[in-house]
Amino acid sequence: MPYFSKAIIGHEGEDIACSWLRDNGYMLHDRNWRHGYHEIDIIAERHGIIHIIEVRNRQAGGWITPEQSITPKKAAALRRAASAYLALHRILSEVEFDLIAIDHFPDGTHDIRFIPEIL
């Protein structure tokens, strides 16, 4: 299996995730939003609900799945980041935390899974 850097896999995964979201009726608001220590991969909206989306990429066959990589520490950081984003943008809409999990295969293909309401 060829080695790809985390940065390359991460950027490619976020491109894949954004395309999937657009194809499924989501309007993208922000990507790679950062404020201080806070970071959110993608902020999107669909049917009036704000979606805080974590994108997790893995080379297929890794030790853990992308879904298993959301630790309690990461979940808490995501909640703090969402609170900061919502406050800064004065958003009062309903919010949902979702995961897009992507497995990358050596032949260049990938498997994408959208997991709603991970938190």
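The values are calculated or read from the model by the stated rules, or taken from the named source; none is laboratory data. Since the structure is predicted, the reported quantities are computational estimates derived from the model, not experimental observations. Cβ: placed from backbone, ideal geometry, glycine included. Neighbour counts: every protein chain shown. In case anyone asks, the SASA skips ligands and DNA or RNA and just uses the protein heavy atoms, side chains included. Shrake-Rupley method; radii C 1.70, N 1.55, O 1.52, S 1.80 Å.
What's the carbon and sulfur percent of the chain's accessible surface, probe 1.4 angstrom, rounded to a whole number? The C+S portion of the solvent-accessible surface of the chain is 55 percent.
Considering helices alone, the calculated mean residue ellipticity of the chain at 222 nm is -10000 deg cm²/dmol, with DSSP H runs of length four and up weighted by -39500 (n - 2.57) and normalised per residue. Here the Karplus relation 6.51 cos²θ - 1.76 cosθ + 1.60, evaluated at θ = phi - 60°, turns the backbone of segment 27-42 into coupling constants of 9, 7, 9, 8, 9, 6, 6, 9, 8, x, 8, 7, 8, 10, 5, 9 Hz, with x for every Gly and Pro. Across all Cα atoms of the chain, the radius of gyration (one decimal) and Dmax (whole number) stand at 14.2, 46 Å. Annotation: for a label point projected 7 angstrom from Cα along Cα→Cβ of D23, residues of segment 103-119 with backbone N closer than 19 Å are 103-116. Exposed loop sites here are GluC sites (Glu not before Pro) assigned a DSSP state other than H, G, I, E or B and surrounded by at most 13 other beta carbons within 10 Å; excluding them, the longest clear run of the chain is 1-93.
Length available on full extension from D30 to T65: 0.36 nm per residue minus the Cα-Cα distance, which gives 10.1 nm. Placing a label point 7 Å from the Cα of R80 along the Cα-to-Cβ direction, the residues of segment 23-54 with a backbone N closer than 16 Å are 34-41. Helix 6-23 and the long axis of the chain differ in direction by around 60°, with both axes built from C-alpha atoms.
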